[in-house]
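> Structure below; questions to follow.
The values are calculated or read from the model by the stated rules, or taken from the named source; none is laboratory data. Nothing here was measured: the structure is a model prediction, and the numbers come from that model. Don't worry about glycine lacking a Cβ; one is built from the backbone with ideal geometry, like all the others, and counts go over all protein chains shown.
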């Protein structure tokens, strides 16, 4: 028999069924739901193996897979997408998705409603990001969990308002750079001279620094299958000098990582001596101190791509420095930064034939005024000449016409 339980000021109903020495219990919002569940459980054969996969089980299995294959950032993003899906509610406060329901019952209509909540509450970009993660999770389930091949998460893409990625001015970078010292100074140099991603710098080991051959090995997971790949990148003389200095003066001699936490603030003292994973506060604090628009570590990568582009470096060289697998990726990356070849072609239009000098509409305001006066005077003289010719021919000009001509002449400005 269902019983009521008050928790945190809210009444919930507990369904309870005992059969063959086994007890099952479950919480519900209403007594009706609890009684219906109890009736279904009494009819069900508990000895039979239940092969149905619930939505929550599908989500958990995929997240377990993602945690072992993807970066921490990617994993947390996917985890958040499922959390938003289970949290989405209708106008009456009822969740759209029941975590305990059979995963095969998930429909495109339900997924669309879930994503519409995200679209209205946040943005089209946020809704599309959740859509992408749910589509990937279902495709994985088709391959490994025998889910139906028709993907209910593949709903229409939501409209987005895309703004160009922020590229800090070069002088802003040097302002914060000059405020640093020690490890922070060397770290910013590594970001600058390698064009590296945050995770690549944070996981950098001393064995990745090859002083003999002037090169650095970077490890990235930015691959489709999450594989950790290594790429060697040349180390310029300035970075080499600074890394050598840091090797000799590093705080934790026993650490295999190049950069580790040296701060003992309350929010990070438990990570003292450990390699960085996020380090959110450094650039924020430096930007505030320097009085510049805040930017993150990845914005330095944008700055490097922009600088190389404006220096006229070939696309292949930029691709190698950014370590993209294909030139098409580099082209899209530069386009997202607003760096396109269209400017060159538009500048070529400046060489088109220009209007001749002295043409009306090209000269300055004084020239325009003088040209207008000349035109008026010429028209007036032509009209007066016609009148004189008629008078000399002995033709009579009516008083009305003469009066009109006189008024017109008085109104003209010489």
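> Out of the range 157-173, which residues are assigned to a helix (DSSP H, G or I) and either surrounded by 14 or more Cβ atoms within 10 Å (Cβ to Cβ) or touching a strand residue (DSSP E or B) at 6+ places or on another chain (Cβ under 8 Å) (or both)? Can you show your working first?
First, pick out the residues of the range 157-173 that are assigned to a helix (DSSP H, G or I): 170-173.
Passing the criteria: 172, 173.
> Could you please find all residues in the range 313-334 being touching a strand residue (DSSP E or B) at 6+ places or on another chain (Cβ under 9 Å) and surrounded by 17 or more Cβ atoms within 10 Å (Cβ to Cβ)?
To start, the set of residues in the range 313-334 that are touching a strand residue (DSSP E or B) at 6+ places or on another chain (Cβ under 9 Å) comprises 320-321, 323.
Result: 321, 323.
> Can I ask one more? Residue under question is residue 134, and the condition is that it be surrounded by 15 or more Cβ atoms within 10 Å (Cβ to Cβ) and over 20 Å from residue 65 (Cα atoms); does it hold?
On the way: surrounded by 15 or more Cβ atoms within 10 Å (Cβ to Cβ): yes; over 20 Å from residue 65 (Cα atoms): no.
No; evaluated as a whole, the condition is false for this residue.
> Also, quick follow-up: Somewhere in the range 102-113, is a residue touching a strand residue (DSSP E or B) at 6+ places or on another chain (Cβ under 7 Å) and not assigned by TED's automatic domain parsing to the domain that holds residue 197? Walk me through it before giving the result.
Filtering the range 102-113 down to residues touching a strand residue (DSSP E or B) at 6+ places or on another chain (Cβ under 7 Å) leaves 102-103.
Applying the additional criterion that residues be not assigned by TED's automatic domain parsing to the domain that holds residue 197 yields 102-103.
Yes - at least one qualifying residue is present in the range 102-113.
> While we're looking at this one, here's another question. What tally of residues in the range 234-257 results from selecting those that are part of a loop (DSSP other than H, G, I, E, B) and without any contact (Cβ under 8 Å) to a residue 60 or more places away in the chain? Write out each step before concluding.
So the first thing to find is which residues in the range 234-257 are part of a loop (DSSP other than H, G, I, E, B), and the list is 235-236, 250-256.
From the residues that got through so far, the ones that are without any contact (Cβ under 8 Å) to a residue 60 or more places away in the chain too are 235-236, 252-256.
Counting residues in the range 234-257 that are part of a loop (DSSP other than H, G, I, E, B) and without any contact (Cβ under 8 Å) to a residue 60 or more places away in the chain gives 7.
> Quick one: which of 143, 120 is closer than 30 Å to residue 293 by Cα, without any contact (Cβ under 8 Å) to a residue 24 or more places away in the chain and either touching a strand residue (DSSP E or B) at 6+ places or on another chain (Cβ under 7 Å) or exposed (fewer than 14 other Cβ atoms within 10 Å of the Cβ) (or both)?
Values: 143 fails: closer than 30 Å to residue 293 by Cα.
Of 143, 120, the one residue that is closer than 30 Å to residue 293 by Cα, without any contact (Cβ under 8 Å) to a residue 24 or more places away in the chain and either touching a strand residue (DSSP E or B) at 6+ places or on another chain (Cβ under 7 Å) or exposed (fewer than 14 other Cβ atoms within 10 Å of the Cβ) (or both) is 120.
> In addition: Quick one: how many residues across the range 92-109 are closer than 21 Å to residue 29 by Cα and surrounded by fewer than 18 Cβ atoms within 10 Å (Cβ to Cβ)?
9
> In addition: Considering only residues that are outside any helix (DSSP H, G or I) and either touching a strand residue (DSSP E or B) at 6+ places or on another chain (Cβ under 8 Å) or within 18 Å of residue 196 (Cα to Cα) (or both), which ones fall in the range 268-312? If you could, list the steps in order and put the result at the bottom.
Residues of the range 268-312 outside any helix (DSSP H, G or I): 268, 272-280, 291-296, 311-312.
The answer is 273, 274, 275, 276, 277, 278, 279, 280, 295, 296.
> Tell me yes or no: at least one residue of the range 226-239 is in contact with a strand residue (DSSP E or B) (Cβ under 9 Å, 6 or more places away or on another chain) and within 30 Å of residue 118 (Cα to Cα). First the steps, then the outcome.
Residues of the range 226-239 in contact with a strand residue (DSSP E or B) (Cβ under 9 Å, 6 or more places away or on another chain): 228-235, 239.
Those still in the list that are within 30 Å of residue 118 (Cα to Cα) too: none.
The answer is no, given that none of the residues of the range 226-239 is in contact with a strand residue (DSSP E or B) (Cβ under 9 Å, 6 or more places away or on another chain) and within 30 Å of residue 118 (Cα to Cα).
> Is the range 335-345 home to any residue that is surrounded by 11 or more Cβ atoms within 10 Å (Cβ to Cβ), assigned to a helix (DSSP H, G or I) and either under 45 Å from the mean Cα position of the chain (by Cα) or modelled with pLDDT of 90 or more (or both)?
Scanning the range 335-345, I find at least one residue that is surrounded by 11 or more Cβ atoms within 10 Å (Cβ to Cβ), assigned to a helix (DSSP H, G or I) and either under 45 Å from the mean Cα position of the chain (by Cα) or modelled with pLDDT of 90 or more (or both), so the answer is yes.
> Assuming residue 126 fulfils every condition listed in (1) more than 25 Å from the chain's Cα centre (by Cα); (2) not assigned by TED's automatic domain parsing to the domain that holds residue 287 apart from one, which condition is it?
(1)
> Can you give me the number of residues within the range 1-18 that are more than 47 Å from the chain's Cα centre (by Cα) and closer than 16 Å to residue 98 by Cβ?
Just the residues of the range 1-18 that are more than 47 Å from the chain's Cα centre (by Cα), to begin with: 1-4, 16-18.
Still in the running and closer than 16 Å to residue 98 by Cβ: none.
Here the count works out to 0.
> Test residue 149 against the stated conditions and say whether it is over 22 Å from the mean Cα position of the chain (by Cα), surrounded by fewer than 15 Cβ atoms within 10 Å (Cβ to Cβ), modelled with pLDDT under 95 and not assigned by TED's automatic domain parsing to the domain that holds residue 263.
Values: over 22 Å from the mean Cα position of the chain (by Cα): yes; surrounded by fewer than 15 Cβ atoms within 10 Å (Cβ to Cβ): yes; modelled with pLDDT under 95: yes; not assigned by TED's automatic domain parsing to the domain that holds residue 263: yes.
When the stated conditions are applied, residue 149 passes them.
> So residue 71 passes all but one of these: (1) under 27 Å from residue 203 (Cβ atoms); (2) modelled with pLDDT of 95 or more. Which condition number does it fail?
Evaluating residue 71 over (1) under 27 Å from residue 203 (Cβ atoms); (2) modelled with pLDDT of 95 or more leaves (2) as the failure.
> Quick check: is even one residue across the range 250-271 over 32 Å from the mean Cα position of the chain (by Cα), closer than 16 Å to residue 189 by Cα and modelled with pLDDT of 90 or more?
Scanning the range 250-271, I find at least one residue that is over 32 Å from the mean Cα position of the chain (by Cα), closer than 16 Å to residue 189 by Cα and modelled with pLDDT of 90 or more, so the answer is yes.
> Separate question: How many residues are surrounded by 14 or more Cβ atoms within 10 Å (Cβ to Cβ), under 25 Å from residue 330 (Cβ atoms) and more than 20 Å from the chain's Cα centre (by Cα) if we restrict to the range 275-312?
Adding up the residues that qualify gives 3.
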